[in-house]
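> Starting off with a structure, shown below.
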Amino acid sequence: MKIIRDIPSLRGQVRRWRGDSKTVGLIPTMGSLHAGHLSLVRQAKLDCDFAIATIFVNPTQFAPSEDFDTYPRDEARDIALLEEMGTDLLFSPDVGEMYADGFSTSVSVSGLSECLCGAARPHFFGGVATVVSKLLLQSLPDRAYFGEKDFQQLQVIKRMAQDLDIPVDIRGVPTMREDDGLAMSSRNKYLSPEERSVASTLYRVLQDVAQKFADGANAGAALAEGVATLRATGFDPIDYLEIRDSETFEALKTDNGKARVFVAAHLGGTRLIDNAAVPNQVVS
Ligand code: AMP
């Protein structure tokens, strides 16, 4: 695996590959890799001739009070995992390479960015949309891969690429979970053993709300019951537990066939997010 830390070398390598009529898939990450990230690499390797992973802990998507300084970093381990997956190139720039002195531009996606995580973390999607548009323009891949674990982020990035005419196919990849259902996340490392033992309640609540909604139960009652279960488990605060349209993020009271349940809640000092599709109703 080639390791590149500067933009001109990245551009040169991708230009050579694409000049040979090869296809390139990009997998942006913040490192601290787990099987969820590696499933994106696997999908890119299946679809494309070459897979490029990026590792960049992006300062502009963290608020001053958040965990930028303590975010887990272990590049040597990440490199070994990416090598094992047959990743062709790692792009791992430093902050100065991505944000040169005088950097003054930001990409903001209105609408989709304003609800759910955007309401709880107003700085977040601007930072993500800016860094992902930079990574896409630096590498000009054929396809770029993002996890459904961060479903709102995936939709924001699709909108951004379409609106800015960035010639890339944005692909979503299903969420990888631990055996008990907890969505894999680099931040799960922050959980104490006690917190970890109850964290999968988040997914159970999502599934429960999704099933009740599919069965035609009152949405408000299903959500209130879900919030009560999370509180009783120790989640506090709960940023949101909501049912929304998976494309527009419009709030829903009845199933429109594209409904999805979204949750973000804090357990101890750790903010966890997850989401689940509302299953199709079986019509008998
Ligand atoms: P991160 O390093 O957390 O910024 O994530 C990098 C990419 O990996 C994003 O597209 C995430 O949505 C994706 N990702 C993170 N966790 C998972 C997971 N459990 N399953 C699938 N994709 C994931």
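> Sort through Ala210, Ala264 and tell me the only one that's of a type in the set (Gly, Ala, Ser), buried (at least 17 other Cβ atoms within 10 Å of the Cβ) and within 27 Å of Ser32 (Cα to Cα).
Exactly one of Ala210, Ala264 is of a type in the set (Gly, Ala, Ser), buried (at least 17 other Cβ atoms within 10 Å of the Cβ) and within 27 Å of Ser32 (Cα to Cα), namely Ala264.
> Return the residues of the stretch 110-127 that are crowded, with 17+ Cβ neighbours inside 10 Å and either assigned to a loop (DSSP other than H, G, I, E, B) or of a type in the set (Lys, Arg) (or both); say none if nothing qualifies. Please lay out each step first, then the result.
Pass one, the stretch 110-127, residues crowded, with 17+ Cβ neighbours inside 10 Å: 112-113, 115-118, 121, 124-127.
Within the stretch 110-127, Leu112, Ser113, Cys115, Leu116, Arg121 meet the criteria.
> Hey, another quick one. Confirm whether Gly147 is within 15 Å of the ligand (Cβ to nearest atom) and surrounded by fewer than 19 Cβ atoms within 10 Å (Cβ to Cβ).
In short, no.
> Mind listing whichever residues of the stretch 163-177 are within 9 Å of the ligand (Cβ to nearest atom) and crowded, with 17+ Cβ neighbours inside 10 Å?
Gly172, Val173, Thr175, Met176
> In the stretch 230-250, what residues are in contact (Cβ under 8 Å) with a residue 24 or more places away in the chain, of a type in the set (Gly, Ala, Ser) and surrounded by fewer than 19 Cβ atoms within 10 Å (Cβ to Cβ)?
Gly234
> On to the next question. Any chance the stretch 229-242 includes a residue that's over 27 Å from Phe124 (Cα atoms) and of a type in the set (Gly, Ala, Ser)?
The answer is yes; a qualifying residue exists.
> Which of the residues spanning the stretch 70-80 are surrounded by fewer than 19 Cβ atoms within 10 Å (Cβ to Cβ), under 24 Å from Ile7 (Cβ atoms), of a type outside the set (Asp, Glu) and touching a residue at least 12 places away in the same chain (Cβ under 8 Å)?
Tyr71, Arg73, listed by residue number.
> Right, Thr254: hydroxyl-bearing (Ser, Thr, Tyr) and outside any helix (DSSP H, G or I) or not?
Here the answer is yes, as Thr254 does meet what is asked.
> Let me ask something additional. Go through the stretch 1-103 and tell me which helices (runs of 4 or more DSSP H), entirely inside it, have 1 or more residues that are among the polar types (S, T, N, Q), within 16 Å of the ligand (Cβ to nearest atom) and within 20 Å of the chain's Cα centre (by Cα).
In the stretch 1-103, the matching helices (runs of 4 or more DSSP H) lie at 35-47.
> Going by the structure shown, is Leu26 in contact with a strand residue (DSSP E or B) (Cβ under 6 Å, 6 or more places away or on another chain), closer than 24 Å to Gln153 by Cα and in contact (Cβ under 8 Å) with a residue 24 or more places away in the chain? Can you show your working first?
Details: in contact with a strand residue (DSSP E or B) (Cβ under 6 Å, 6 or more places away or on another chain): yes; closer than 24 Å to Gln153 by Cα: yes; in contact (Cβ under 8 Å) with a residue 24 or more places away in the chain: yes.
In short, yes.
Where a number appears in this text, it was derived from the coordinates with a stated rule and is not lab data. If you're wondering where the values come from, they're calculated on a predicted model, not measured in any experiment. Please note: Cβ atoms are built from the backbone with ideal geometry, for glycine as well, and neighbour counts cover all protein chains shown.
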